[in-house]
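A short worksheet on the structure shown next.
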Amino acid sequence: MNELDKAHGIYVHVPFCKRKCLYCDFLSQPCADEDLMLRYAEAVCKEIAARKADVAGNATIYFGGGTPSLLPLSGIADIVTALKQYGFWRRPAAATIDCNPGTADGEKLSAYREMGFDRISFGVQSFNDNELKTIGRIHNAEAALDAIKTAKDVGFERINADLMYGLPCQTLESLEQSLVQMAALDLEHISVYGLILEEGTPLERLVTAGRMVLPGEELTDGMYDLVMGYLPRAGYERYEISNFARAGGYSRHNLVYWNYLPYLGFGAGATGFDGLSRRSGVVSIEKYIEDPLSAEVEELSAEDIFSEYLFMNLRKREGVSLPEFRRRYQCVLKNFDFAGHFDKIRKKLQGAEYGELVRFKDDDRFSLTERGFALGNVVFLECLQD
């Protein structure tokens with residue numbers, strides 16, 4: 001069976017949060033209406049049932065958001081039951097749920113474990129209370145530490161925590177303190193993201209108005225270097241641009257995306273990919289509840305697929321393999337000039353300006369260097385251009 005014949009991952013979107021963070025541009029809305037959240041969960045179950053003919057293998061499961069841990073337990077349980085009933089949750093390689101430490105408690109975490117989630121991801125972002133308050137997080141450092149301890153106590157061995165740098169008020173010293181605390185927790189996985197000032201967010205408006213100041217480029221570069229040096233010394237392997245793991249504890253679900261494999265998405269605004277086209281659910285929560293099957297489908301050209309394959313695989317330490325792409329797509333992209341397109345990219349990236357960014361392993365495999373990881377967008381743009 002070809003990898004394109006089945007979904008390798010299942011994503012469920014929960015678009016609710018207790019309070020929207022200042023930097024967030026994800027599809028989510030603050031919500032305290034339990035009835036609305038349960039109606040949404042019911043709609044997700046209807047979508048799952050209606051799409052039971054979609055083919056999924058031993059897929060990974062990921063509940064993201066928003067804040068899935070804000071959804072009442074009965075809503076999470078109903079969605080989990082529907083996924084299992086209709087054959088989407090079959091001994092998954094990993095079943096992850098995102099959790100905000102400010103919405104976690106022992107009852108919820110224990111229930112998630114009993115439902116079958118074997119991995120949990122906490123949006124910690126910082127262990128500095130002032131930094132957390134500045135970006136609008138609803139938890140403090142103590143709550144994050146308590147949530148992680150409780151998760152371990154109820155049986156979670158696979159735990160991820162997110163960390164951010166480039167935050168307002170953040171210094172090299174405060175970032176290092178967060179790194180030290182994070183590493184001391186002995187987590188399987190850590191994801192690290194530089195703050196991106198997204199257009200239209202409250203943070204972008206505050207910065208534009210001069211009411212909030214972000215670290216300058218030199219300081220942000222120093223923060224990047226600090227993170228990328230500290231975590232490997234603490235025993236974490238950098239296997240993807242923003243992700244670190246101990247003892248091979250990679251994010252199996254995210255590897256589905258980075259390997260450019262098919263996946264299914266359920267919920268408002270959730271995206272799915274079958275290897276040839278992209279399906280995007282309606283972004284309005286109320287419209288989704290009315291019609292869970294409303295979606296747009298974008299057919300991808302062969303050139304789109306090739307560019308996106310390069311873009312996604314380059315995020316990984318191991319990089320891009322033309323033989324792998326050809327093996328997967330040669331039966332469906334019969335008139336595509338695999339070697340010609342790859343040669344075009346290779347000639348671009350073998351130029352002097354990319355010498356420190358890209359490493360060619362042979363004629364049809366290449367990956368980013370350490371400097372390339374820092375300046376990956378420069379290479380990505382070349383891969384996405386005609």
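When the range 272-304 is filtered for residues that are touching a residue at least 40 places away in the same chain (Cβ under 8 Å) and farther than 26 Å from Arg39 by Cα, the ones remaining, listed by number, are Asp274, Gly275, Leu276, Glu303. Checking each residue in the range 7-36 for being assigned to a loop (DSSP other than H, G, I, E, B), under 15 Å from Pro68 (Cα atoms), of a type outside the set (A, V, I, L, M) and open to solvent by 40 Å² or more (accessible area, probe 1.4 Å) picks out Lys18, Arg19, Lys20, Phe26, Asp33. Restricting the range 37-56 to residues that are of a type in the set (Gly, Ala, Ser) and loosely packed, with under 15 Cβ neighbours inside 10 Å, the residue that is farthest from Asp291 (Cα to Cα) is Ala53. Against the criterion of being open to solvent by 10 Å² or more (accessible area, probe 1.4 Å), closer than 16 Å to Glu47 by Cβ and among the polar types (S, T, N, Q), Ser280 qualifies. Close contacts from the range 226-239, counting a first residue that is within 14 Å of Tyr193 (Cβ to Cβ) and a second that is part of a helix (DSSP H, G or I) and at pLDDT below 95, with Cβ to Cβ under 8 Å and a gap of 6+ residues or different chains, come to Met228/Glu370; Met228/Phe373; Met228/Ala374; Arg238/Phe373. Among the conditions (1) modelled with pLDDT under 95; (2) loosely packed, with under 15 Cβ neighbours inside 10 Å, Ser74 misses just one, which is (1).
Which ones in the range 270-301 are assigned to a strand (DSSP E or B) and either of a type in the set (D, E, K, R) or under 19 Å from the mean Cα position of the chain (by Cα) (or both)? Thr271, Gly272, Phe273, Arg278, Arg279, Ser280, Gly281, Glu296, Glu298, Glu299, listed by residue number. For the range 128-163, filtering for residues that are modelled with pLDDT of 95 or more and within 20 Å of the chain's Cα centre (by Cα) leaves 10. Beta carbons closer than 7 Å, at least 6 apart along the sequence or on distinct chains, pair a first residue in the range 88-104 that is under 15 Å from Asn140 (Cβ atoms) with a second that is among the charged types (D, E, K, R) for Gly102/Lys18; Thr103/Lys18. Check the range 10-21 and report whether any residue there is within 19 Å of the chain's Cα centre (by Cα), of a type outside the set (A, V, I, L, M, F, W, C) and closer than 17 Å to Ile138 by Cβ. Within the range 10-21 (the criterion being within 19 Å of the chain's Cα centre (by Cα), of a type outside the set (A, V, I, L, M, F, W, C) and closer than 17 Å to Ile138 by Cβ), the answer is yes, since at least one residue qualifies. Does Ile97 satisfy the criteria of being crowded, with 20+ Cβ neighbours inside 10 Å and either at pLDDT 95 or above or not hydrophobic (A, V, I, L, M, F, W, C) (or both)? So Ile97 fits the description; yes.
One residue stands out among those in the range 37-71 that are part of a loop (DSSP other than H, G, I, E, B) and within 21 Å of the chain's Cα centre (by Cα): the one that is modelled with the lowest pLDDT, which is Gly66. Would it be correct to say that Gly57 is touching a His at 6+ places or on another chain (Cβ under 7 Å) and farther than 26 Å from Ala151 by Cβ? Against the criterion (touching a His at 6+ places or on another chain (Cβ under 7 Å) and farther than 26 Å from Ala151 by Cβ), Gly57 qualifies. Given (1) under 22 Å from Ala41 (Cα atoms); (2) surrounded by 20 or more Cβ atoms within 10 Å (Cβ to Cβ), identify the lone condition not met by Pro215. The number of the failed condition is (1). Residue check: Arg238 meets all listed conditions (1) touching a helix residue (DSSP H, G or I) at 6+ places or on another chain (Cβ under 8 Å); (2) charged (D, E, K, R); (3) not in a strand (DSSP E or B) but one, namely (3). Residues in the range 105-127 that are open to solvent by less than 30 Å² (accessible area, probe 1.4 Å), in a loop (DSSP other than H, G, I, E, B) and either at pLDDT below 95 or not small (Gly, Ala, Ser) (or both): 2 in all.
The values are calculated or read from the model by the stated rules, or taken from the named source; none is laboratory data. The model shown is predicted, which means the values in this text are computed figures rather than measured ones. Every residue, glycine among them, receives a Cβ derived from its backbone with ideal geometry; neighbour counts consider all protein chains shown. For accessibility, only protein heavy atoms count, side chains too; no ligands or nucleic acids. Shrake-Rupley method; radii C 1.70, N 1.55, O 1.52, S 1.80 Å.
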